[in-house]
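Here the structure is laid out as structure tokens; the discussion comes afterwards.
The values are calculated or read from the model by the stated rules, or taken from the named source; none is laboratory data. Since the model is a prediction, treat every value here as computed from it, not as a measurement. Cβ atoms come from the backbone with ideal geometry, glycine included; neighbour counts cover every protein chain shown. Just so you know, the surface numbers come from the protein's heavy atoms only, side chains and all, with ligands and any DNA or RNA stripped out. Shrake-Rupley method; radii C 1.70, N 1.55, O 1.52, S 1.80 Å.
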Amino acid sequence: MTEISALKAGLIADIAAADTLDALEALRVGALGKSGVVTGLLKTLGPMSPEERMDKGPPIQDLRESVTTALADRKAALEQAALDARLASEKVDMTLPADAGAFGSVHPVSQVMDELAEIFADLGFSVATGPEIEDDWHNFTALNIPETHPARAMHDTFYFPDEEGQKRMLLRTHTSPVQIRTMMNGTPPPIRIIAPGRVYRSDSDATHTPMFHQIEGLVIDKGITLGHLKWTLETFLKAFFEREDIVLRLRPSYFPFTEPSVEVDVGYTLANGQRVIGGDGDAADGGWLEVLGSGMVNRKVIAACGLDPDEWQGFAFGTGVDRLAMLKYGMNDLRAFFDGDLRWLKHYGFSALDVPTLSGGVGA
């Protein structure tokens with residue numbers, strides 16, 4: 001037993017003298033590793049008789065436990081000493097400003113949506129929403145577009161598979177169904193709403209995508225005329241493009257849900273080869289650009305919603321939100337809006353603090 005006691009004292013002394021974690025690990029392997037001295041003593045217990053094992057086993061077990069405890073204590077002491085040395089040598093100057101973290105940005109479509117809501121709220125409009133998965137009646141029939149109507153060919157529609165006994169369902173091709181749902185929700189006129197949202201058509205090129213954003217407006221009241229429509233659109237476009245020299249040109253057109261119908265062109269001028277909205281489109285350096293479709297709400301649409309067309313009249317209009325963003329902020333490819341390219345968003349995106357206000361400028 002004297003040999004084991006001497007071995008124990010020597011190992012513990014060596015462990016206490018270890019000044020690095022690497023040196024301590026070498027001592028651990030030498031004592032408790034597969035070929036370690038303590039492990040060798042433990043292996044001698046196997047061939048012994050029970051009487052010998054009861055006599056020689058406890059000192060060897062005590063040796064292993066003592067060495068294991070000494071190793072753990074020394075390791076903890078060395079790690080604490082290393083941490084203390086690091087804390088003493090490393091300092092953080094808390095008076096220095098922190099590095100600016102990464103900031104996200106607001107997508108141009110979201111920004112323009114907010115701009116439009118701000119402008120029309122000032123004109124007395126509220127925002128209305130509806131489902132993007134629509135039934136055929138709300139999307140077409142109620143808007144004076146029956147199944148045999150040739151105007152359905154104007155829409156490349158995404159239909160869901162037909163189910164027996166169920167309404168025919170589709171991805172809405174415009175936000176006009178929101179107008180129908182608003183007129184039918186039981187709230188009596190007057191009605192002044194805008195309906196922004198996603199719409200879907202099977203089309204894709206530099207100026208069209210299968211999913212895009214649209215905003216439509218609806219006014220239902222007594223004595224409404226085309227003059228009210230023109231003033232509303234002119235006021236809206238002046239506020240949106242933040243220019244007073246906005247000139248509109250209304251051209252006769254055809255939409256099943258409005259009668260009469262007009263396409264709305266806005267004048268633009270060329271500056272350094274770039275098209276700038278504003279000015280007279282008939283000027284030598286100008287031209288006209290179609291931005292809106294509009295008209296007086298068709299009597300059949302008003303009647304389909306349960307209102308008396310002899311008492312109530314109104315106007316409606318619609319435009320693409322993505323298109324407005326392209327015109328205002330100088331983008332030339334609609335597909336980039338949906339590519340998810342962070343470089344593009346970093347360049348064209350808006351700070352979360354750039355909240356549109358009429359007093360500060362909606363595009364400020």
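Touching a Gly at 6+ places or on another chain (Cβ under 7 Å) and open to solvent by 50 Å² or more (accessible area, probe 1.4 Å), is that true of R192? Answer is yes for this residue. If the condition is being in a loop (DSSP other than H, G, I, E, B) and open to solvent by less than 10 Å² (accessible area, probe 1.4 Å), then region 266-287 contributes G278, G281. The residues of region 171-210 that are modelled with pLDDT of 90 or more and among the hydrophobic types (A, V, I, L, M, F, W, C), listed by number, are L171, V178, I180, M183, M184, I191, I193, I194, A195, V199. Based on this model, can you work out whether D322 counts as more than 20 Å from E216 (Cα to Cα), assigned by TED's automatic domain parsing to the domain that holds P189 and either open to solvent by less than 70 Å² (accessible area, probe 1.4 Å) or not hydrophobic (A, V, I, L, M, F, W, C) (or both)? Answer is no for this residue. Restricting the search to region 227-242, which residues are of a type in the set (A, V, I, L, M, F, W, C) and either open to solvent by less than 40 Å² (accessible area, probe 1.4 Å) or modelled with pLDDT under 95 (or both)? Hits for region 227-242 are L229, L233, F236, L237, A239, F240, F241. Annotation for region 257-264: at least one member residue is of a type in the set (A, V, I, L, M), in contact with a strand residue (DSSP E or B) (Cβ under 9 Å, 6 or more places away or on another chain) and in the same structural domain as A195 (by TED's automatic domain parsing).
Number of residues in region 56-78 that are over 15 Å from E3 (Cα atoms) and open to solvent by 80 Å² or more (accessible area, probe 1.4 Å) equals 3. For region 328-360, a residue qualifies if it is surrounded by fewer than 18 Cβ atoms within 10 Å (Cβ to Cβ), closer than 14 Å to V112 by Cα, in the same structural domain as E115 (by TED's automatic domain parsing) and of a type outside the set (S, T, Y), and the qualifying residues are G330, M331.
G165 - would you say it is among the small types (G, A, S) and over 22 Å from A316 (Cβ atoms)? Criteria met by G165.
When every residue of region 140-152 is checked against the conditions, at least one turns out to be surrounded by 19 or more Cβ atoms within 10 Å (Cβ to Cβ), outside any strand (DSSP E or B), at pLDDT below 95 and on the phi > 0 side of the Ramachandran plot. If you go through region 294-317 and keep only what is open to solvent by 20 Å² or more (accessible area, probe 1.4 Å) and in contact (Cβ under 8 Å) with a residue 12 or more places away in the chain, you end up with M296, N298, R299, K300, A304, G306, L307, E311, W312, Q313.
Scanning region 296-315 for residues that are farther than 20 Å from R181 by Cβ and of a type in the set (S, T, N, Q) turns up nothing. For V291, the conditions (1) buried (at least 16 other Cβ atoms within 10 Å of the Cβ); (2) without any contact (Cβ under 8 Å) to a residue 40 or more places away in the chain are fulfilled apart from (2). Does T209 satisfy the condition of being farther than 26 Å from R299 by Cα and open to solvent by less than 20 Å² (accessible area, probe 1.4 Å)? Yes.
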